[in-house]
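Quick notes on the structure that follows.
The values are calculated or read from the model by the stated rules, or taken from the named source; none is laboratory data. The structure presented is a predicted model; accordingly, all values stated were derived computationally and were not measured. Here the Cβ positions follow ideal geometry from the backbone for every residue, glycine too, while neighbour counts run over all protein chains shown.
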Amino acid sequence: MVKSMMAIALVASLIALAGCSSPAITGIKVHIQNGDYERAITLADSVLQGPEAANADVWYWKARAHSFIHDWENSAEAFSEAYRLDPLRQAEIAEFWTVFYNTANSRFTAGDIPGAQEMLAVGGTIAPDRPEFPQMLGDILVNQQQVEEALDRFDEAFALGNAMVADLEAQKAVEVDPARLEYLENEYYRVLSGAVLSCYNSARILENLYLRTDDEAQKVVQASRAVTILDAGLVLDPTNPDLLETKAEILLIQGKYDEALAVYDNAEQSILLGESEGWITPEESATMRGALFLTRGFALMEMERSEEALAQLEASRSLIGDSYDVLATMAHANVLLERYEQSLVVLNQALALPGLTPEEMGNLNYMVFVNNSRMERDQVSLDALLNAIRYDPQNAMYYDYLASTYSRLGRRQLAIEAMEKAEELRRDQE
């Protein structure tokens with residue numbers, strides 16, 4: 001009796017699976033139900049060689065079989081064909097948007113940029129509400145130095161993500177099934193993170209554009225747009241330290257120091273909150289706060305609050321250790337405080353760091369020159385400046401200072417030659 005009941009149940013399940021499908025499609029579905037995906041694919045391929053080559057159902061179930069074994073490329077191709085043959089299946093196929101995303105990502109990783117862009121376009125057509133497609137396209141465009149186009153895609157990704165976050169919030173509010181609620185929670189935070197990333201990417205691009213242009217009107221537009229984008233992201237995630245720190249940096253480069261300091265304070269509290277709640281590890285917290293103290297120290301220096309700046313820089317050093325940025329900024333703060341010997345101690349430590357670039361070595365030696373020059377150690381300062389030029393021989397400013405140093409030492413001809421060299425470099429760089 002038990003055996004006969006099991007047989008009846010199996011027959012019933014196969015009838016339900018088959019519906020009104022053709023025998024071939026029923027067979028493909030049965031193979032999939034049994035976990036025999038390779039046989040399902042083989043059967044689908046054989047069917048597609050015959051009169052059912054234009055059967056959207058066969059292409060759809062072939063795509064499903066490929067997706068189960070993570071064969072994203074063939075799954076995407078089959079889903080695309082199913083959609084071409086039967087556009088009314090769009091919503092059904094859109095549920096498998098990750099197939100197109102994963103295929104695009106695989107192509108991008110393999111260096112097939114046009115192929116990745118093509119697949120993102122297909123995915124975006126079938127699942128136009130998914131923010132992941134314009135987000136990845138924005139990343140690709142950034143790598144191709146097409147930053148204006150990338151900005152548009154990140155804006156699109158944020159708009160889609162923002163709408164999806166609101167929809168997921170509404171679904172969570174009325175969901176009673178615990179399993180479904182857990183899924184919605186995970187999807188909510190994943191989509192929210194993507195929307196925040198879009199804001200961050202856009203703001204960083206605009207910050208770079210701001211620093212690269214000499215057009216003051218453009219600077220105002222870019223900075224304003226960046227802050228607006230960051231504020232929109234902070235509505236979604238008010239304590240996100242990356243957004244807060246980026247906003248502070250943009251305010252800082254505009255000379256809005258008081259506003260920047262207020263944002264830095266919020267960012268620090270957000271990092272500490274994230275650490276206390278387990279979102280950020282202690283190591284990550286230390287790195288993030290160290291970077292924050294460094295930039296806050298720079299802001300304080302610009303505000304001529306050098307003592308406070310130095311305290312921030314010391315705190316940064318205690319968290320992230322010695323680096324060119326930390327030590328060079330500390331040396332600068334000591335110069336502003338007229339603590340030249342202390343500045344030289346820090347500079348010597350910086351010069352001992354491994355892996356410095358020629359430009360960094362040039363700048364450190366230039367700062368050694370500045371300190372010794374302030375203490376009227378002319379020969380020592382001259383040696384330091386010559387070292388700076390040895391590392392960075394295209395720096396016209398160094399030759400300006402070399403001319404004035406030679407003049408002070410009474411070496412008139414050398415002073416003239418240094419001045420001429422500075423002018424020559426500037427002409428060449430125009």
Here is a list: 245, 249, 275. Which entry is buried (at least 18 other Cβ atoms within 10 Å of the Cβ), more than 25 Å from residue 330 (Cα to Cα) and either among the hydrophobic types (A, V, I, L, M, F, W, C) or not assigned by TED's automatic domain parsing to the domain that holds residue 198 (or both)? 275
Where in the stretch 65-159 are there helices (runs of 4 or more DSSP H), lying wholly inside it, with at least 3 residues that are at pLDDT below 95 and of a type in the set (Gly, Ala, Ser)? none
Determine whether residue 331 is more than 23 Å from residue 247 (Cα to Cα), in a helix (DSSP H, G or I), touching a residue at least 12 places away in the same chain (Cβ under 8 Å) and of a type outside the set (Val, Ile, Thr). yes
Which listed residue is at pLDDT 95 or above, over 35 Å from the mean Cα position of the chain (by Cα), outside the structural domain of residue 188 (by TED's automatic domain parsing) and in a helix (DSSP H, G or I), from 29, 62: 62
From the list 92, 73, 81, which one is more than 33 Å from the chain's Cα centre (by Cα) and charged (D, E, K, R)? 81
Within the stretch 70-112, tally of residues that are under 22 Å from residue 29 (Cβ atoms), touching a Ser or Thr at 6+ places or on another chain (Cβ under 9 Å) and surrounded by fewer than 16 Cβ atoms within 10 Å (Cβ to Cβ): 1
Considering 41, 25, 32, 69, which residue is without any contact (Cβ under 8 Å) to a residue 60 or more places away in the chain and over 29 Å from residue 115 (Cβ atoms)? 25
Take residue 217 and decide whether it is in a helix (DSSP H, G or I) and farther than 20 Å from residue 132 by Cα. yes
Does any residue of the stretch 232-253 turn out to be over 18 Å from the mean Cα position of the chain (by Cα), farther than 30 Å from residue 297 by Cβ, in a helix (DSSP H, G or I) and free of Cβ contacts under 8 Å to residues at least 24 places away in the same chain? no
Name every residue in the stretch 298-311 that is over 17 Å from residue 339 (Cα atoms) and either in contact with a strand residue (DSSP E or B) (Cβ under 8 Å, 6 or more places away or on another chain) or without any contact (Cβ under 8 Å) to a residue 24 or more places away in the chain (or both), in order of residue number. none
Before we move on, is residue 280 assigned to a loop (DSSP other than H, G, I, E, B), in contact with a helix residue (DSSP H, G or I) (Cβ under 7 Å, 6 or more places away or on another chain) and among the aliphatic types (A, V, I, L, M)? yes
In the list 399, 406, which residue meets the criterion of being out of contact with any Gly (no Cβ under 9 Å at 6 or more places or on another chain), more than 26 Å from residue 356 (Cβ to Cβ) and of a type outside the set (Lys, Arg)? 406
Of the conditions (1) without any contact (Cβ under 8 Å) to a residue 40 or more places away in the chain; (2) surrounded by 18 or more Cβ atoms within 10 Å (Cβ to Cβ), residue 283 clears all except one; give me its number. (2)
Go through 309, 299 for me and flag whichever is among the aliphatic types (A, V, I, L, M) and farther than 15 Å from residue 268 by Cβ. 309
Within the group 151, 160, 137, which residue is of a type in the set (A, V, I, L, M) and either loosely packed, with under 14 Cβ neighbours inside 10 Å or more than 15 Å from the chain's Cα centre (by Cα) (or both)? 160
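Conditions tested, residue by residue: (1) under 17 Å from residue 124 (Cα atoms); (2) of a type in the set (A, V, I, L, M, F, W, C); (3) in contact (Cβ under 8 Å) with a residue 40 or more places away in the chain.
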| site | (1), (2), (3) |
| --- | --- |
| 156 | yes, no, no |
| 163 | yes, yes, no |
| 167 | no, no, no |
| 185 | no, no, no |
| 189 | no, no, no |
| 195 | yes, yes, yes |
